[in-house]
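Peer 1: Dropping a structure here in structure tokens format, bear with me for questions.
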Amino acid sequence: LLPFIQRFRPQYSAGWVHADICRRLERFVEQIEQKKSPRLLLMMPVRHGKSEICSRHFPPWVFGKHPEWEIIAASGAQNLALSFSRYGRDVIRDPAYSVVFPNTTLDASTQSVENWNTTKGGGYLAAGTGSMITGRGSHCLIIDDPVRDAQAADSATIRDNVWEWYMSTAYTRLAPGGGVLGIMTWWNEDDWA
């Protein structure tokens, strides 16, 4: 994964923690392949590169290995989820991508920012937490910052609503053996007591 990121971001400066995250994500995919239903939660401070790796580069790398998989990616802010989707879709459109992963191409009939598919039956759906995601499955459910900011994280009501959405909607979309990847900023210490 790390060489893939560096191919599309030549100026990317990876530290030991970024290499460690990439190794964990590689194991995460192996566990999905083995249908072990993995769960991976990455919690780091703001601006430490977790979304760059997990939400921007990880999905196109996964599709390179498994163009038949489905990914649902959610965020507390719909526009953030859409920006991650746009980036991943554009990486797959890049001619350099087909050099690395020649068997993965986008389906020309479904390339909206919110929902795009591969020609092998896989696809990506971007959603805001709390939104409807029915009708799609997910081999890999990615939830990046399910609450927008510290103020929202301080609200028990908002946290409860996000949890209810996760349990009643997002979690139910997992394919057998599918994995859940959570990317979070540790906003509220009360959640972990």
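The values are calculated or read from the model by the stated rules, or taken from the named source; none is laboratory data. This is a predicted model, so every value here is computed, not measured. We place every Cβ from the backbone using ideal geometry, glycine too, and count neighbours over all the protein chains shown. Accessible surface is based on the protein model in full, side chains and every heavy atom, while ligands, DNA and RNA are left aside. Shrake-Rupley method; radii C 1.70, N 1.55, O 1.52, S 1.80 Å.
Peer 1: Kindly provide the set of residues from segment 30-82 that are open to solvent by 30 Å² or more (accessible area, probe 1.4 Å) and touching a Pro at 6+ places or on another chain (Cβ under 7 Å), ordered by number.
Peer 2: Result: Q31, K35.
Peer 1: Count, please, the residues in segment 83-122 that happen to be open to solvent by 60 Å² or more (accessible area, probe 1.4 Å) and hydrophobic (A, V, I, L, M, F, W, C).
Peer 2: Residues flagged as open to solvent by 60 Å² or more (accessible area, probe 1.4 Å) and hydrophobic (A, V, I, L, M, F, W, C) within segment 83-122 amount to 2.
Peer 1: So, of the residues in segment 171-187 that are part of a loop (DSSP other than H, G, I, E, B) and touching a strand residue (DSSP E or B) at 6+ places or on another chain (Cβ under 8 Å), which turns out to be modelled with the lowest pLDDT?
Peer 2: W186
Peer 1: Which ones in segment 20-59 are within 15 Å of S138 (Cβ to Cβ) and not in a helix (DSSP H, G or I)?
Peer 2: Residues satisfying the conditions are K35, S37, P38, R39, L40.
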